[in-house]
Amino acid sequence: MIELRTQGARQHNLIAPSLLAANFANLQSEMEWFNRSEADWLHLDVMDGVFVPNISFGFPVLEHVARLTTKPLDVHLMIVQPEKFISQVRDLGAAIMNVHQEACIHLHRTVQQIHEAGMRAAVTLNPSTPVSSLEEIICDVDVVMLMTVNPGFGAQKFIEHSLDKVRRLRELIVRSGSQALIEVDGGVNRKTAPALCEAGVDVYVTGSAVYGSSDPVQEVEALKQLTTC
């Protein structure tokens, strides 16, 4: 099981490029720059066309990608009944398994099962789901990810009031004594990153801002600098 933080409860600036925005016609090249970069995690969005209105990629693609990097895999399951796939995510060598609060009827049990499988447990909240829904489980999870766009598609506009939601989550973490990291996914770029850092974010999932850049390695470095606050 990987160690997620290096000093204190706040790590500030882990950058997690999302493979969803990659050029799948040249995946080998995409992984080469990723491995050279200062990126910390590789974020993998799995969509089923049921929980979200889109389909991305499945385990055959994930298995291939997992062989191309030694960096931690952050597997984000935007699917119904994610608990059915815990063993498959584990077998990928994933460090973090990320499930949606809205998709888990028995969230506490699912978090326990993820831990028993040797992975860190992350829980994601959709934009309309309140932070208060995690009060009973915040001390059991390793990461809480806030969707700062509606899940299902890349390159969406950042939802501005997400900053207040990050602050409320940080308050809950401090008040409860939880060691959970705060991750955000959606609309993360040079413009939004500094404000997210000030609000209390630790992990930044970024898609089109990095993969659409002429120099993704340099873009990751720039985001690193902008999120050191």
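Report, by residue number, each residue of segment 116-163 that is within 17 Å of the chain's Cα centre (by Cα) and more than 22 Å from residue 204 (Cα to Cα).
none
Got a number for residues in segment 171-193 being out of contact with any Lys or Arg (no Cβ under 8 Å at 6 or more places or on another chain) and buried (at least 19 other Cβ atoms within 10 Å of the Cβ)?
Count: 11.
Looking at segment 208-228, which of its residues are within 18 Å of residue 150 (Cα to Cα) and either crowded, with 18+ Cβ neighbours inside 10 Å or without any contact (Cβ under 8 Å) to a residue 24 or more places away in the chain (or both)?
209
Does residue 114 meet the test of being touching a residue at least 12 places away in the same chain (Cβ under 8 Å) and either buried (at least 24 other Cβ atoms within 10 Å of the Cβ) or β-branched (Val, Ile, Thr) (or both)?
Answer is yes for this residue.
Specify which of the listed residues (171, 183, 198) is under 25 Å from residue 20 (Cα atoms) and of a type in the set (D, E, K, R). I'd like the intermediate steps shown before the answer.
Working: 171 fails: under 25 Å from residue 20 (Cα atoms); 198 fails: under 25 Å from residue 20 (Cα atoms).
Only one candidate qualifies: 183.
Suppose the filter is closer than 19 Å to residue 100 by Cβ and crowded, with 23+ Cβ neighbours inside 10 Å; does residue 205 pass it?
Here the answer is yes, as residue 205 does meet what is asked.
For a quick check of your reading of the model, give me the residue pairs whose first member lies in segment 15-34 and is within 22 Å of residue 189 (Cβ to Cβ), whose second is acidic (Asp, Glu) and in a strand (DSSP E or B), with beta-carbon atoms closer than 7 Å and at least 6 apart or on different chains.
The qualifying pairs are 16/74; 18/45; 20/45.
Would you mind stating whether residue 205 is β-branched (Val, Ile, Thr) and touching a Gly at 6+ places or on another chain (Cβ under 9 Å)? Spell out the reasoning first.
Details: β-branched (Val, Ile, Thr): yes; touching a Gly at 6+ places or on another chain (Cβ under 9 Å): yes.
Against the criterion (β-branched (Val, Ile, Thr) and touching a Gly at 6+ places or on another chain (Cβ under 9 Å)), residue 205 qualifies.
In segment 86-109, which residue that is more than 17 Å from the chain's Cα centre (by Cα) and in contact (Cβ under 8 Å) with a residue 24 or more places away in the chain is farthest from residue 14 (Cα to Cα)?
Taking the candidates together, the pick is 109.
Read-outs: derived from the displayed coordinates by stated rules, not from any lab. Predicted model only: the values in this text are computed from it and were never measured. Every residue, glycine as well, gets a Cβ built from its backbone with ideal geometry; the counts of neighbours run over all protein chains shown.
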